[in-house]
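Structure, as structure tokens:
The values are calculated or read from the model by the stated rules, or taken from the named source; none is laboratory data. Remember, it's a predicted structure, so these values are computed and weren't measured experimentally. Cβ: placed from backbone, ideal geometry, glycine included. Neighbour counts: every protein chain shown. Protein only, heavy atoms only, side chains kept; ligands, DNA and RNA dropped before computing areas. Shrake-Rupley method; radii C 1.70, N 1.55, O 1.52, S 1.80 Å.
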Amino acid sequence: MLFLFQDPVGDDQGLAYRYPRAALFQKAGEGYADLLALAGEEREGRLVLKVRLSRYPNPLEGPLGFSLATVALWLDTGEGGEEALLPGLSTPPDQGFEVAYILTGFGGEKRTPTGERTPARVWREGEWVAVDTGIPPGPYGYYGAVGLFDPFAPWYLRPTSPEGGPWTLGAPPGSPPVVDLLAEAPLDQVKAYQTGILKPLRPKGFALKRESLLAFALGGASLLLAFLLRKP
């Protein structure tokens, strides 16, 4: 495993969001949009991301064993990038995303900031939902969010409205259409909803590895320089 980010349990309420009133959602209970963890693994040179949700009810009979939640993942893989994640939610300046992945109980999509969409391979591994990103591992920044599945919405995320409704989340005007954000501390999630800015999570291992490589390179250069200076 390359990294593991853990998200608090039971924080899938946004800022006091009200879930849709349709029987489909009421009967499902709680926790099906509660993000518990995001993990990264290297398999055959490619990055595989794995998401863990609290529960997986499947009233719509999704082939992946769940059908009420939509998971969105955005990766900051380089400089610049698109800073707008969703309506009402953005990245910090100069930490935009270059590629995104949408995971539902009916499959997955890979998206770019220019709007390009291609299928992504998504599968279940026990209590985890996995996606093959198709890119090599790297020192990326990760953004994640979970909302309610809507097959007709742009990001397959059920929209919000101040009054809510049978098929709409009730939330303050301008709120993002997600009930849980990838944030290791509860206050970080609250701040993201309040400010509309979600900070990325970055694996510490990659940073340490880069620092080690730099130290190794500098050490090698020093040894070479010392050897050359000692030559007659």
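What the table below lists for this structure:
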quantity	calculated
Condition check for Gln194: loosely packed, with under 11 Cβ neighbours inside 10 Å, part of a helix (DSSP H, G or I) and at pLDDT 95 or above	yes
In segment 20-53, the residues that are open to solvent by 50 Å² or more (accessible area, probe 1.4 Å), modelled with pLDDT of 95 or more, more than 17 Å from Gly134 (Cα to Cα) and in a loop (DSSP other than H, G, I, E, B)	Arg21
Filter result for Ala72 (assigned to a strand (DSSP E or B), crowded, with 21+ Cβ neighbours inside 10 Å, out of contact with any helix residue (DSSP H, G or I) (no Cβ under 7 Å at 6 or more places or on another chain) and small (Gly, Ala, Ser))	yes
Leading residue by the ranking (farthest from the chain's Cα centre (by Cα)) among those in segment 86-114 that are in a loop (DSSP other than H, G, I, E, B) and on the phi > 0 side of the Ramachandran plot	Asp94
Scan of segment 115-163 for residues that are part of a loop (DSSP other than H, G, I, E, B) and within 14 Å of the chain's Cα centre (by Cα), ordered by number	Thr133, Tyr140, Trp155
Residues (touching a residue at least 60 places away in the same chain (Cβ under 8 Å) and either surrounded by fewer than 18 Cβ atoms within 10 Å (Cβ to Cβ) or not in a loop (DSSP other than H, G, I, E, B) (or both)) located in segment 1-15	Leu2, Phe3, Phe5, Gln6, Pro8, Asp11, Gln13, Leu15
